[in-house]
Amino acid sequence: PHLAAAPRYNSLSDFEELLLGTEASGAAYLSDADLAGCDGFLIVGDAFAANPACSRGVFNRRAADARVAIIVIDPGGGSAAKFATFRVAAPPGAELAAIAELARAAGVDSPPIAPPDGMDVRSARSAGLALAGCKRPAIILAAEYGRGGDWRQIGYLAGKLAGALGGGVACQTTGANALAAVRLGPRLAAISLADALARQGAAWVTVGCDLLGMLGIRGREILAAGAAFANRSTEAAEFVMPAAIAMELGGMYLLGGERQVCLEALLPPPAGVLEPADVIGSIARAGGVEAPGPTTAVGALSRLAAAAPSIPAGCAAAAAASPVLMLGRQAADAGCGELTSHASWQSAVGSPPSVRLAAADARRIGVKDLDMVEVRTGELHVRACVRINHALDAGA
């Protein structure tokens, strides 16, 4: 048996890789409140959709100084790109090359990565010069589903850039416990969720999340599922175990990267309904393993001594065939569980997904803003609302 402890929503390892690279860089972590004290911002990915709260510090600083530099590298043209003073045009998977070019322009050593076709080198250099003039810049990073690039290398290079300029980083991973999970993993001898999914012959026991709904898996049997409400995982489980809901649980999480916060339960769970930790404990005792009692003394979650990732000199992002479909989040759905089916009712009552198109692509296809279309890739399809996005490059 293996324990899979992974950051929330981490069906891929992108978020974990980003955090491991940032840990190795030695950069200081910035909380949402710290952002208002920074005098320049480099935003990689759609950070405002990953964590809308982080936008408050950026806008508070901009309200105090309208000339503050807001640099955005986001091939998906997300919400942060609307407010960019410098937008670095880069194709999907070129984030690392864009950061390296920007760092060199700012006077910081970085590997010579050849810019791919479609990357605006001049905009990256202009952004680097603007960032070099800041005394305390913030680099805000958001790893996204289905995006290219090596996120460990991106986290490491971004952290080194922030440290060299006297600033810090803020990783927006859509989960307050993402960094805690990465730091606690080695102590528990845990494996990532991506590694666990690769073990197809293993018996799955899921507690607290709708794993099959989260990953869109059908036809997979589960030995046991513990959940508060019926979902796709409980339907596929041989044994179903009721579990407490969020308001019935106390716990601890990391806020702003470093600060530990403890919460008390709002009310006790119904009689006979166990907390997730007690569910795991009961299974452990039934299997002859001594289950530890509840404790809040987890100790300091110290920074990992992660190895620096190698960034080969002269490497370039692979040119992607057009058009490219990138997956992302809608800011209104951040943290609510729609993407993971933790709160699957939102799919029925929430707004439909949107598909962002560059104006040139919309004209070529023959669709208008707010048209309903069907997006297909292979055997997968989804009905979505067209949103013409002027911050998006054609072909994505």
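The values are calculated or read from the model by the stated rules, or taken from the named source; none is laboratory data. It should be emphasised that the depicted structure is a prediction, and the values quoted were computed from it without experimental measurement. Quick reminder, even Gly has a Cβ in these numbers, built from the backbone with ideal geometry, and neighbours come from all protein chains shown. Remember, those area values only see protein heavy atoms, side chains included, never the ligands or the DNA or RNA. Shrake-Rupley method; radii C 1.70, N 1.55, O 1.52, S 1.80 Å.
Numbers below:
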item	result
Selection count where residues are open to solvent by 30 Å² or more (accessible area, probe 1.4 Å) and outside any strand (DSSP E or B), scope the stretch 249-259	3
Of all residues in the stretch 376-396 being among the basic types (K, R) and out of contact with any Ser or Thr (no Cβ under 6 Å at 6 or more places or on another chain), the one that is modelled with the highest pLDDT	R383
Qualifying residue in the stretch 151-158 (condition: crowded, with 22+ Cβ neighbours inside 10 Å, touching a helix residue (DSSP H, G or I) at 6+ places or on another chain (Cβ under 9 Å), in contact (Cβ under 8 Å) with a residue 12 or more places away in the chain and at positive phi)	no
Residue in the stretch 82-92 that is touching a Ser or Thr at 6+ places or on another chain (Cβ under 9 Å), β-branched (V, I, T) and either assigned to a loop (DSSP other than H, G, I, E, B) or open to solvent by less than 60 Å² (accessible area, probe 1.4 Å) (or both) present	yes
From V382, V375, V386, V355, residue being within 26 Å of the chain's Cα centre (by Cα), of a type in the set (A, V, I, L, M, F, W, C), in a strand (DSSP E or B) and more than 26 Å from I73 (Cα to Cα)	V382
Close pairs (7 angstrom Cβ cut-off, 6 or more residues apart or separate chains): surrounded by 15 or more Cβ atoms within 10 Å (Cβ to Cβ) in the stretch 235-248, among the hydroxyl-bearing types (S, T, Y) anywhere	V240/T234
Matching residues in the stretch 260-289 - criterion: being farther than 16 Å from G208 by Cα, under 30 Å from the mean Cα position of the chain (by Cα) and open to solvent by 70 Å² or more (accessible area, probe 1.4 Å)	Q260, C262, L263, E264, L266
Evaluation of G107 against (1) open to solvent by 30 Å² or more (accessible area, probe 1.4 Å); (2) farther than 24 Å from A359 by Cα; (3) at pLDDT below 90 (one fails), failing number	(3)
Enumeration of residues in the stretch 350-373 that are touching a Lys or Arg at 6+ places or on another chain (Cβ under 8 Å) and either basic (K, R) or open to solvent by 100 Å² or more (accessible area, probe 1.4 Å) (or both)	R356, L370
Boolean, I99 is buried (at least 18 other Cβ atoms within 10 Å of the Cβ) and assigned to a helix (DSSP H, G or I)	yes
